[in-house]
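Written out below as structure tokens is the structure these notes cover.
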Amino acid sequence: MADLLLMASVLAVSSVVGYVLISRVPPRLHTPLMSMTNAVSAVTILGALLLFALDTTVCQKALGASAIAFAAFNLVGGFTITDRMLKMFHRHHE
Amino acid sequence: MNSVWHLLFDVAVMLILFLGIWRFRAPQTARSGSFLALLALSCAVGVVLVGNPIREPATVVLALLAGGAAGWVVAARINMIQIPAMVAFQNGAGGFASFLIAFVELTHQRSELVPIGQLSGVLGMVIGAATFSGSMVASAKLASVMRQTPVILPHHGWIVVSLLVVICGLGVLAVLVAGPALLYASLALMALSLILGLVFALWIGGADMPVLISFLNATTGLAASFCGVVVENRLLIACGATVAASGFILTHAMCQAMNRNLFQLLAAADWKPAASGSQTSQTLPAPHSSAAAEPQDSEGLSPLARAVEAVRRAKKVIIIPGYGMALAHAQFEVVQLAERLNEMGKEVKFAIHPIAGRMPGHMHVLLAEAEVDPDILFDLREINAEFPETDVALIVGACDVVNPAATSVQGTPISGMPILAAQDAKQVVVCNMDDKPGYSGVANPLYADPKTILVLGDAKTTFGQLLRLAPTKKASLPNGGDAF
């Protein structure tokens, strides 16, 4: 039960802090922001990795491996494209 | 690792992530912000790998490498106009990973899961699967693999509502049962959610894509967060919730930009583009009378030559770019022209409508690619008051965002949408592919306005010609005029 409370408060706190921080991002950075948060949502890779700590059938392992592959795609692709965009924004200030 | 240290570590990772987002306040610091977010995620992955015995390291490493390499190759190659399609695809990849994880966790030794865990698993699976199929449709539309216009099935609203009802019912059932029944319920839920995402994304298209893509961004985060509850990983919950918050903020911002509420838009309540389009074109004066019928004015000048003359005489020019500019790859020419006009001593500004593009902020990225000076970009609220004192409003590839019918005509899909007040400028130059209505299907009365010069054709060519003609001295104009 304590765990549940903790998880609920983690959810609430992150939503509020995320909301406050993201409201301050100017519209011109909304595309890189979305691309970056997209890469952050690849954090599901943690869940996929944790599956491999369990006793699972071959079928479940295959599903777990594809989850890892898709999340890794998201992670690497997301940060690469975000950086490419931000480099362009940067260029004019140099 | 004992639990206090673990908690402190998680808090530290989240602080790094929040610091990263905090640095997104300005373009100069955003790049380091993105690095910080990457650092936070790497730490999170590292601690999971260290803290848990991974049974098949070879499979894990292989899957990581395969996915990562594919992501890198795709991200390094695509161009800026394809970014929305890429982001939509990534939303789908995130949703896919979430629903696989939730499915495996649900069907694996459910006795370990507390009811909340099981409920979260069901939610994660449904949201993840719907996000996946919805994002694939969105991505296909954005990549022009599919038509961008909405596809509306017969009784579309009822299909969605009944799908939702059945999913809710089955979801409740899945939380209560165990064993093989749970497996079948999960499979059925998965199939229904995939269909829901598909049906849902099909009827949204064109200018509504920014809302859809932001909304899917939010649901990816939600699905990840629910997965976090199932696997009892705080970082997963926290990061997922942050992403969801971001997605919902952007969704709200986009809805506001179009003066519609999310429910209206997602339920396609007022969305009948063909019907309202034909209605309005009957009530409004025919849009092509001035330009198409008589492209030459009394002095025998082509629209292009008149546009050049208008821009040459102007002291203050506001450029309004739309998605058509991106489709024509004309952003480089447009930015060059802006620079040249600026060198000639004219005041040049860009007016950017929030939905000028296919995702929030897309137009800024496209113009940044062409190395525009960011200080001359202004959004709707900042610049609308300046149009009356503007000599030329130069519209390139935009229609709905400058359509005065949005404020003057009721009952169209764009009624009430805030627009850029190009009609207040002393003269208007429209460089569009054709004079057909924009995506909304609502005819644009601005095209028929006597102060409007309509230069039809590919914007890249038009601006190439404007560039060649603009800096020359007045004496050379007749030559330029003859050439066209």
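FYI, it's all coordinate maths here, none of it is from the lab. Please read these numbers as outputs of a predicted model, since none were measured by experiment. Every residue, glycine among them, receives a Cβ derived from its backbone with ideal geometry; neighbour counts consider all protein chains shown.
A Stokes-Einstein calculation at 37 °C with viscosity 0.692 mPa s, built on the Kirkwood radius of the stretch B:83-266 over Cα pairs, returns a diffusion coefficient of 200 µm²/s. For chain B, a Kirkwood hydrodynamic radius built from all Cα pairs, placed in the Stokes-Einstein relation at 10 °C and 1.306 mPa s, yields a translational diffusion coefficient of 64 µm²/s. Inter-part distance, the stretch B:18-54 to the stretch A:18-75, computed on C-alpha centroids, equals 12 Å. Residue order for B:Arg358, A:Arg91, B:Arg312, B:Arg234, fewest other beta carbons within 10 angstrom first, comes to A:Arg91, B:Arg312, B:Arg234, B:Arg358.
Taken along the Cα-to-beta-carbon direction at a fixed 7 Å, the label points for B:Ser32 and B:Val73 span 3.5 nm. Within 10 Å of the Cβ of each residue in B:358-369, the mean number of Cβ atoms contributed by other protein chains is 6. Counting only other chain Cβ atoms within 10 Å of each residue's Cβ, the peptide B:12-18 averages 3.
Give me the Debye-computed log₁₀ of I(q)/I(0) at q = 0.17, 0.23, 0.24 Å⁻¹ for the stretch B:109-207, equal point scatterers on Cα only, no solvent, two decimals. Values returned for q = 0.17, 0.23, 0.24 Å⁻¹ are -0.76, -1.10, -1.16. Peptide B:50-58 has a mean shielding of 3, counted as Cβ atoms of other protein chains within 10 Å of each residue's Cβ.
Among residues other than B:Leu420 with Cβ under 12 Å from its Cβ, the summed charge is -3 (Lys and Arg +1, Asp and Glu -1). Taking Cα centroids, how far is the stretch B:325-368 from the stretch B:197-211 in Å? Cα centroid of the stretch B:325-368 versus Cα centroid of the stretch B:197-211: 26 Å apart.
Label sites at B:Glu56 and A:Arg24, each approximated as a point 7 angstrom past Cα along Cα to Cβ, lie 4.6 nm apart. Summing +1 for each Lys or Arg and -1 for each Asp or Glu, what net charge is found among the other residues whose Cβ lies under 12 Å from the Cβ of B:Ser214? Neighbour charge sum, excluding B:Ser214 itself: 0.
Among A:73-82, A:19-28, sorting by the average number of other beta carbon atoms lying within 10 angstrom of each residue, highest first, gives A:73-82, A:19-28.
Over all distinct Cα-Cα pairs of the stretch B:1-62, the Kirkwood formula returns a hydrodynamic radius of 13.0 Å. Close Lys pairs in the protein assembly as shown, defined as Cα atoms under 17 Å apart and 8 or more places apart or on different chains, number 15. The Cα-based radius of gyration and maximum Cα-Cα distance (Dmax) for the stretch B:13-102 are 15.5, 44 Å. Shape analysis of the stretch B:376-474 yields a ratio of the Cα radius of gyration to the Kirkwood radius, Rg/Rh, of 0.98. Computed from label points 7 Å out along Cα-Cβ, the spacing between B:His155 and B:Arg340 is 6.0 nm. In the protein assembly as shown the Cα-Cα distances spread across 20 Å bins starting at 0 as 21, 49, 24, 6, 0 percent of all pairs. Relative protection proxy for B:65-78, B:131-144, from highest mean packing down: B:131-144, B:65-78 (other beta-carbon atoms within 10 angstrom). Exposure proxy ranking for B:Thr390, B:Thr149, based on other Cβ atoms within 10 angstrom of each Cβ and starting from the fewest, stands as B:Thr149, B:Thr390. Among B:100-108, B:238-246, the peptide with the highest mean count of other Cβ atoms within 10 Å heads the list, and the full ranking is B:238-246, B:100-108.
Evaluated at q = 0.19 Å⁻¹, the base-10 log of the normalised Debye intensity for the stretch B:346-420, with identical point scatterers placed on the Cα atoms, takes the values -0.87.
Each Cα pair under 8 Å and six or more residues apart adds its sequence gap; the mean of these over the residue count of chain B is a relative contact order of 14 percent.
For chain A, what class follows from the C-alpha gyration tensor (a ≥ b ≥ c being the square roots of its eigenvalues): rounded when a/c is under 1.5, otherwise prolate if a/b is larger than b/c, else oblate? It is oblate, given that a/c is not under 1.5 and a/b is not larger than b/c. Farthest towards the positive end of the charge dipole of chain B, among the residues B:Val430, B:Pro450, B:Met80, is the Cα of B:Met80, using unit charges on the Cβ of Lys, Arg, Asp and Glu. The alpha carbon convex hull volume per residue for the stretch B:77-132 rounds to 66 Å³.
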